[in-house]
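Each reported figure results from applying straightforward, stated rules to the coordinates on display, with no laboratory input. Because the structure is a prediction, the values reported are computed rather than measured. In this analysis, Cβ positions are derived from the backbone assuming ideal geometry, glycine residues included, and neighbour counts consider all displayed protein chains.
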């Protein structure tokens, strides 16, 4: 095995000889990775970029009406794992995913499964807001229209309004629905993207550092929104902010060098972690 390699899509993830010693010593995830009401079940997931393995034997459930935070240093594999959950890694040449990932008992990597409907069921909110170059109204209406969710204009208009309400944006934009979504502030754009995601009635929402480009006020609004959305959706969020993970999630999963080191209730992870690597990260000794 080479003494160094880079994880292809996760920033500065360079593995050193010391890191390899830790990797080889890893004996398995600490904590219970299962939940009673699992919406998604992941078992033995490995991710390879060519011959390089970026994720090793990760098993983790995402429960109904809960927020799971994924934390860890840059290059640890948390975003790579998140993208497995709606097959975003399919877009990366040379990327290969093994193991099983099920949504409501259905294997999402089954060759017969269509990816487009899957990505409606498991929506993604990205790090940087990415509204379509269309009006606010069309940003929301586009998904329901192409998926055949609304039967007529009245239903579509109602769905647009409901989605903007759920995203906490309706009162701010109701009089400018024909204006470009790109004219909104950064925080408003991110809430617009969340409204766009929920307009197609997903079961799971994936968020990859959704507040990293936002100011503290916009971040607080997104965090309040996440707490409200939990009542109707399962949410998995990758965040570099341990404070944010503590505020928004019920369970937290700590990743290190492609391994899921520890998973448990968020309060337990942050106050009494059971693995030394988790404790070292929580207390700021590395990362």
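Filtering the range 92-127 to residues that are in a strand (DSSP E or B), more than 22 Å from residue 177 (Cβ to Cβ) and touching a residue at least 40 places away in the same chain (Cβ under 8 Å) leaves 95, 96, 97, 98, 99, 100, 101, 102, 103, 122, 124. Taking the range 86-108 as the search range and keeping residues that are out of contact with any strand residue (DSSP E or B) (no Cβ under 6 Å at 6 or more places or on another chain) and buried (at least 17 other Cβ atoms within 10 Å of the Cβ), which one is farthest from residue 240 (Cα to Cα)? Result: 87. Determine if the range 253-262 includes at least one residue that is in contact (Cβ under 8 Å) with a residue 60 or more places away in the chain, at negative phi, surrounded by 22 or more Cβ atoms within 10 Å (Cβ to Cβ) and outside any strand (DSSP E or B). No, there is no match, as no residue in the range 253-262 is in contact (Cβ under 8 Å) with a residue 60 or more places away in the chain, at negative phi, surrounded by 22 or more Cβ atoms within 10 Å (Cβ to Cβ) and outside any strand (DSSP E or B).
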